[in-house]
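Take a look at the structure below.
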Amino acid sequence: MVYYYAFTGHKNGLDRLKRASVVLNKLRANGVETMLLVNDFRAGLVAKEFGVPESVTIETIQDIDAIAEAGASVIIDSPEDDHGRLVKYCADFKQVFRFAESPEDKSIHGEIMLRLDCQDEACISALIVDDVYFEKHEKKERTLFFLSDSDADKTILKNAEFFKETNMELLLGHYFYVKYEDDLAKIFKTMYEPEEYTDLICSSTRVVTASFQTALEARVAGAEVVFIEINQLSEDEKNLLSLLQIMVMISFNVEDSHKIINQGLIKRVKIAKNNEIIKKILNKL
């Protein structure tokens with residue numbers, strides 16, 4: 001049995017959930033029994049859209065062992081302070097996998113690390129993108145804007161000037177509020193519901209986003225991608241975006257918006273599928 005804990009919530013978005021869905025679906029396809037652990041009920045409902053049938057809601061990283069049985073394996077994708085709980089997890093569970101939060105983040109108690117910059121057999125790549133984005137899709141000429149699945153601070157509204165005359169189309173996030181959508185309709189002529197996420201990321205010619213996971217998915221799908229850096233990226237993240245020829249814009253720079261969004265950017269970059277990642281996880285179970 002594998003338990004996968006993905007840190008989620010209306011202020012945290014669903015990037016980690018999207019990665020979790022890919023891994024869990026692959027593991028189940030290989031006959032492994034799995035369970036997703038999330039921080040809120042809404043995230044569990046979204047997981048069903050990505051093919052994960054069941055989930056359990058827990059409060060924090062310290063509650064994993066309230067659900068996960070001793071002797072099982074656990075995958076942890078969270079920036080939370082475990083307050084020493086990781087020691088117990090590595091002792092009680094058959095295998096513990098943990099996503100690195102920075103280039104300096106190392107294995108502490110023998111857990112296996114998943115890293116963006118994975119250089120040896122001791123770690124596993126954290127570059128996880130669903131197979132659907134590797135498929136060939138018919139493209140529609142559009143510039144799709146997807147901030148992330150959450151906008152608790154109303155970032156889009158505060159930067160309304162940025163979107164003037166860009167003709168961008170807005171993809172709403174799962175944690176957007178209904179009344180907020182009325183305000184956004186004054187800025188964007190075209191808006192899409194969160195349930196259309198996969199189809200739109202696959203079919204758009206250009207994607208502008210502040211979601212790191214979305215940037216990867218859109219790039220794999222062959223779109224030109226502009227990443228808006230709201231929170232400071234790690235060196236590993238910067239290097240990966242550069243390698244994938246994803247243009248980075250610091251915050252909502254109005255002066256740069258038209259220049260960056262209206263120019264032809266790139267050639268397609270080949271990225272490997274997740275098969276090797278899942279194979280490594282299976283070998284460790």
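The values are calculated or read from the model by the stated rules, or taken from the named source; none is laboratory data. Model, not experiment: these values are computed from the prediction. With ideal geometry, Cβ positions are generated from the backbone for all residues, glycine too; neighbour counts draw on all protein chains shown.
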(message) Between a residue in segment 141-158 that is outside the structural domain of Pro194 (by TED's automatic domain parsing) and any residue that is in a strand (DSSP E or B) and surrounded by fewer than 19 Cβ atoms within 10 Å (Cβ to Cβ), which pairs come within a Cβ distance under 8 Å, given they are 6 or more apart or on different chains?
(response) none
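For every residue, the table says whether it meets (1) closer than 22 Å to Ala100 by Cβ; (2) among the charged types (D, E, K, R); (3) more than 14 Å from the chain's Cα centre (by Cα).
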site	(1), (2), (3)
Ala6	yes, no, no
Gly13	yes, no, no
Ala20	yes, no, no
Asn25	no, no, yes
Leu36	yes, no, yes
Phe41	no, no, yes
Ala47	no, no, no
Phe50	no, no, no
Thr57	no, no, yes
(request) Say whether the condition of being over 29 Å from Ile201 (Cα atoms) and more than 21 Å from the chain's Cα centre (by Cα) is met by at least one residue in segment 122-143. (result) yes
(message) Cβ contacts < 9 Å: first residue touching a residue at least 24 places away in the same chain (Cβ under 8 Å) and over 14 Å from Ala218 (Cβ atoms), restricted to segment 234-249; second residue loosely packed, with under 14 Cβ neighbours inside 10 Å and of a type in the set (A, V, I, L, M, F, W, C), any location; separation 6+ or different chain. Result?
(response) Leu243/Val269
(message) Residue pairs, Cβ under 7 Å, 6 or more apart or interchain, first in segment 84-96 and among the polar types (S, T, N, Q), second surrounded by fewer than 16 Cβ atoms within 10 Å (Cβ to Cβ). List them.
(response) Gln95/Lys284; Gln95/Leu285
(message) Of the conditions (1) more than 29 Å from Asp236 (Cα to Cα); (2) in contact with a helix residue (DSSP H, G or I) (Cβ under 7 Å, 6 or more places away or on another chain), Gly31 satisfies every one except a single condition; which number is it?
(response) (2)
(request) Could you list, in sequence order, all residues of segment 156-172 that are farther than 16 Å from Thr209 by Cβ and of a type outside the set (D, E, K, R)? (result) Leu157, Ala160, Asn167
(message) Looking for something within 30 Å of Ser73 (Cβ to Cβ), under 22 Å from the mean Cα position of the chain (by Cα) and surrounded by 12 or more Cβ atoms within 10 Å (Cβ to Cβ) - is there at least one such residue anywhere in segment 178-196?
(response) no
(request) Give the residues of segment 99-120 that are more than 14 Å from the chain's Cα centre (by Cα), in a loop (DSSP other than H, G, I, E, B) and under 17 Å from Asn274 (Cα atoms), sorted by residue number. (result) Asp117, Cys118, Gln119, Asp120
(request) Would you mind finding the one in Leu37, Leu45, Leu17 that is under 30 Å from Ala152 (Cα atoms) and surrounded by fewer than 17 Cβ atoms within 10 Å (Cβ to Cβ)? (result) Leu45
(request) State all residues of segment 11-55 that are of a type outside the set (A, V, I, L, M, F, W, C), assigned to a loop (DSSP other than H, G, I, E, B) and within 21 Å of Ala215 (Cβ to Cβ); if no residue qualifies, say none. (result) Lys11, Asn12
(request) Of all residues in segment 121-137, count the ones that are assigned to a loop (DSSP other than H, G, I, E, B) and touching a Cys at 6+ places or on another chain (Cβ under 9 Å). (result) 4
(message) Being in contact with a Phe, Trp or Tyr (Cβ under 8 Å, 6 or more places away or on another chain) and either touching a residue at least 12 places away in the same chain (Cβ under 8 Å) or of a type in the set (Ser, Thr, Tyr) (or both): is that true of Ala215 here?
(response) yes
(message) Between Ile58, Ile76, which is assigned by TED's automatic domain parsing to the domain that holds Lys11 and either out of contact with any Leu (no Cβ under 8 Å at 6 or more places or on another chain) or under 13 Å from Val2 (Cα atoms) (or both)?
(response) Ile76
(message) Looking at Lys88, Lys140, Lys106, can you tell me which residue is touching a strand residue (DSSP E or B) at 6+ places or on another chain (Cβ under 8 Å), surrounded by fewer than 18 Cβ atoms within 10 Å (Cβ to Cβ) and at pLDDT 95 or above?
(response) Lys140
